[in-house]
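The values are calculated or read from the model by the stated rules, or taken from the named source; none is laboratory data. Everything numeric here is computed off the predicted structure, so don't read it as measured data. For neighbour counting, all protein chains shown are included, and Cβ atoms are generated from backbone atoms with ideal geometry for every residue, glycine included.
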Ligand code: G6Q
């Protein structure tokens with residue numbers, strides 16, 4: 001297959017034009033951009049898959065958009081979108097297709113990749129998951145002693161944990177409240193101990209979620225779970241009633257003692273951080289039921305179709321991906337804050353951290369040459385309004401420019417008095433205050449003492465996107481996640497990097513394994529470490545056994 005490395009983004013005429021355009025736009029306040037252009041808010045919004053994106057409070061004008069769209073053209077974004085949807089091996093460094101979009105294609109669709117109809121396989125697994133989820137939900141699946149399952153513990157880490165946790169929290173409203181869900185990821189024994197301390201093994205099901213079934217943290221936790229279970233249930237035979245696996249590695253699943261008829265598979269073309277809608281979402285399906293899970297998949301698919309078919313000027317993920325590049329490379333912003341005004345989305349920023357930072361935290365182009373621009377920014381955030389009483393001060397008056405994604409819904413799942421109106425008023429007020437600030441004259445007009453005026457002045461010009469939807473439903477969640485997946489893809493294409501590998505995770509893993517051996521005294525400590533690490537290791541060896 002011909003290697004299609006996009007042209008360097010910095011060599012494109014649109015890049016050069018954006019550099020000089022940035023000089024004109026950077027000093028212009030959003031106040032001015034709005035006052036001279038009454039149609040701006042109406043024009044700078046786009047809708048897709050049930051989501052509304054208002055991007056008018058960004059430091060852009062029509063010319064900026066024109067140039068950013070030209071940049072996308074120059075990087076052959078349409079071609080790259082097509083190659084992803086066709087199942088070409090766009091994850092070059094691992095020589096893999098990238099086909100999370102196939103996980104949510106309808107049953108009637110077909111996508112033949114490397115001679116196999118992947119959609120057919122996806123639906124076969126989905127149907128097996130459904131049968132299993134229904135058995136747990138209607139209590140016909142029994143534990144080894146004949147008791148029904150009440151507790152579901154997902155053991156996994158990274159992509160095999162963050163999506164399931166986030167989705168469980170986001171869709172908790174739709175979950176079966178008779179069931180208890182816990183998520184164990186950390187190798188720290190505290191995670192397992194706290195997650196299981198009040199659970200009865202007879203009523204507990206473990207889902208061991210691991211694509212490779214070799215991940216140190218997950219396998220250590222899974223073996224601990226096995227011992228915890230057998231301590232009470234004694235017989236090895238009980239394992240198959242209390243353990244199921246989600247993996248691509250049938251041999252390892254079987255040698256753990258899990259019946260492979262209770263293994264739910266997926267494929268090497270599903271990256272960990274893109275897998276919450278694969279069998280990795282088994283805990284989500286058990287929690288919310290197969291119908292809601294299907295609705296979530298439909299939401300993902302609606303955004304996939306929007307991304308694939310909508311002209312870039314009205315394409316939500318493309319616009320967001322281009323704006324990410326605009327701030328990261330021209331304003332030199334280093335971070336993006338994601339601020340969901342919905343308590344159910346409390347784990348969404350953590351989920352996005354992996355999706356965005358593991359995908360676009362890269363230092364070389366696809367061909368291995370060093371990047372010549374900054375790449376993926378740091379993502380962070382907390383649900384509103386909590387963040388307002390914590391870190392918003394820095395966003396309002398600090399020295400860093402932090403673009404924001406506000407996320408909100410027209411209706412609450414828990415309408416309590418006027419809580420929701422107050423919540424949404426805060427979202428709108430923050431966007432407005434950040435964009436337009438408060439001038440010294442306005443502060444003085446409030447009668448503020450001169451000494452305080454500079455402290456109480458807000459420069460404004462802090463950009464934000466506002467993403468709105470009628471309600472947080474399974475479908476909305478799917479659309480929202482797909483929005484970010486494709487916006488990450490868009491930025492990654494512009495930067496010319498591989499958004500689908502994660503080599504950066506490897507080195508630490510290898511070194512940890514070596515040090516584990518050294519702690520246990522199996523490998524001699526020589527000059528393998530720098531003096532600082534060697535001293536810390538000595539300290540730990542001396543102190544680990546003491547009270
Ligand atoms: C995600 C990464 C990574 C992965 C975990 C767990 O894109 O690949 O976070 O999901 O390391 O891997 P396993 O599922 O193989 O245990």
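The table below lists the values:
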{"item": "From the options 225, 245, 251, residue that is assigned to a strand (DSSP E or B) and either surrounded by fewer than 19 Cβ atoms within 10 Å (Cβ to Cβ) or within 16 Å of the ligand (Cβ to nearest atom) (or both)", "result": "245"}
{"item": "Residue 510 vs. criteria surrounded by 22 or more Cβ atoms within 10 Å (Cβ to Cβ), farther than 30 Å from residue 12 by Cα and within 16 Å of the ligand (Cβ to nearest atom)", "result": "no"}
{"item": "Test: residue 231 is in a helix (DSSP H, G or I), modelled with pLDDT of 95 or more and in contact with a helix residue (DSSP H, G or I) (Cβ under 8 Å, 6 or more places away or on another chain)", "result": "yes"}
{"item": "From the options 257, 189, residue that is more than 11 Å from the ligand (Cβ to nearest atom) and at pLDDT below 95", "result": "257"}
{"item": "Qualifying residue in the range 154-166 (condition: in contact (Cβ under 8 Å) with a residue 24 or more places away in the chain, more than 16 Å from the ligand (Cβ to nearest atom) and either surrounded by 22 or more Cβ atoms within 10 Å (Cβ to Cβ) or within 28 Å of residue 346 (Cα to Cα) (or both))", "result": "no"}
{"item": "Complete set of residues in the range 444-456 that are more than 40 Å from the chain's Cα centre (by Cα) and in a helix (DSSP H, G or I)", "result": "444, 445, 450, 451, 452, 453"}
{"item": "Residues satisfying the stated conditions in the range 213-228, i.e. over 14 Å from residue 258 (Cα atoms) and either touching a helix residue (DSSP H, G or I) at 6+ places or on another chain (Cβ under 8 Å) or touching a residue at least 40 places away in the same chain (Cβ under 8 Å) (or both)", "result": "214, 215, 216, 217, 218, 221, 224, 228"}
{"item": "Some residue of the range 476-497 being in a loop (DSSP other than H, G, I, E, B) and in contact with a strand residue (DSSP E or B) (Cβ under 8 Å, 6 or more places away or on another chain)", "result": "yes"}
{"item": "Unique residue being more than 12 Å from the ligand (Cβ to nearest atom) and surrounded by fewer than 20 Cβ atoms within 10 Å (Cβ to Cβ) when the list is 233, 205, 171, 216", "result": "233"}
{"item": "Residue count for the range 271-294, restricted to those that are part of a loop (DSSP other than H, G, I, E, B), within 16 Å of the ligand (Cβ to nearest atom) and under 23 Å from residue 243 (Cα atoms)", "result": "4"}
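The rows are residues; the columns are (1) out of contact with any helix residue (DSSP H, G or I) (no Cβ under 6 Å at 6 or more places or on another chain); (2) without any contact (Cβ under 8 Å) to a residue 12 or more places away in the chain; (3) within 30 Å of residue 234 (Cβ to Cβ); (4) surrounded by 17 or more Cβ atoms within 10 Å (Cβ to Cβ).
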{"position": "101", "(1), (2), (3), (4)": "no, no, no, yes"}
{"position": "106", "(1), (2), (3), (4)": "yes, no, no, no"}
{"position": "113", "(1), (2), (3), (4)": "yes, no, no, yes"}
{"position": "125", "(1), (2), (3), (4)": "no, no, no, yes"}
{"position": "133", "(1), (2), (3), (4)": "no, no, yes, yes"}
{"position": "142", "(1), (2), (3), (4)": "yes, no, yes, no"}
{"position": "146", "(1), (2), (3), (4)": "yes, yes, yes, no"}
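This table checks each residue for (1) assigned to a loop (DSSP other than H, G, I, E, B); (2) free of Cβ contacts under 8 Å to residues at least 40 places away in the same chain; (3) under 19 Å from the mean Cα position of the chain (by Cα).
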| site | (1), (2), (3) |
| --- | --- |
| 176 | yes, no, no |
| 186 | yes, yes, yes |
| 192 | no, yes, no |
| 198 | yes, yes, no |
| 202 | no, no, no |
